[in-house]
1. Can G32 be described as small (G, A, S), part of a loop (DSSP other than H, G, I, E, B), farther than 25 Å from R135 by Cα and modelled with pLDDT of 80 or more?
2. Which one of these does W93 not meet: (1) in contact (Cβ under 8 Å) with a residue 40 or more places away in the chain; (2) hydrophobic (A, V, I, L, M, F, W, C); (3) more than 20 Å from E146 (Cα to Cα)?
3. Quick one: I71 ticks every box in (1) over 20 Å from E116 (Cα atoms); (2) in a helix (DSSP H, G or I) except a single one, so which number is it?
4. I'm told H41 meets every condition in (1) in a helix (DSSP H, G or I); (2) at pLDDT 95 or above; (3) within 30 Å of P156 (Cα to Cα) except one. Can you identify the failing condition by its number?
5. Looking at the structure I just gave you, is P84 farther than 21 Å from I150 by Cα and modelled with pLDDT of 95 or more?
Amino acid sequence: MKLIGRLTAITCMVAAMMFLPSMPARTQAMAGRDIGQNHVHVAYYKTPAGRQDEWLALYKKYHKPIVDFQIQKGVTISSILYAPKFHEGEKSWDFVIVTISPPDGQGPKLGMTRAEVIRKLFPDTDDYVRGERQRWALTLVCQEGELAEIDMTRDPVSVYYPLDAPEKKN
C-alpha cells in the first residue's frame, strides 16, 4: 500500500513539473530542497499497444546492464522499473523507472565515460546500436524529470523559503 502511495505521489509531482513554464522557475521554486539529498530521477515510457514485452526485452538486454554496472560501482543506488498494476483508463505511460543516485559530491566517481562503459559491456558495438535503435523506435514518448523530497518536519513547509545545506556530521 505504501508503494502505491509513493508511486502516486511521484507521478503527481512529475506531472506538475512538466507543466512548469521554464527551467529557471523550477530551479528557483525549490530553493535548495535537494542539497544533501539523493537524486531521484523518474522516466516515463509509452510504447505501441501490444509491443510492451518487446520493449522490455530490449531494455533488459541493452540498457539494464549499464544501470547494473553503475549500481555495482556505487554511482547509482537503485533503479526500479514499474508498470501499471491494472489496465484501467487511458495511461500516458506503460513503464516508469525510478532511479536513485547519491547526493552531489557524496558518491563514488565512475572513472569512465558512458562510451567506455558501453564498449566494455557490449564488445559488439554494432549489435548494441541496433538494439538501442530498436528500443527507441518502440518508445513513442519518454518524459523524464528530477524530484526533490519535501521535508515535512520543517517549519514552515514550503518550496519557496530558501534552505541552507544540512550541517555536516563529524
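The values are calculated or read from the model by the stated rules, or taken from the named source; none is laboratory data. Everything quoted here is computed from the prediction, not taken from an experiment. Ideal geometry is used to build each Cβ from the backbone, glycine not excepted, and the neighbour counts take in all protein chains shown.
1. So G32 fails the test.
2. (3)
3. Answer for I71: the failing condition is (1).
4. Evaluating H41 over (1) in a helix (DSSP H, G or I); (2) at pLDDT 95 or above; (3) within 30 Å of P156 (Cα to Cα) leaves (1) as the failure.
5. no
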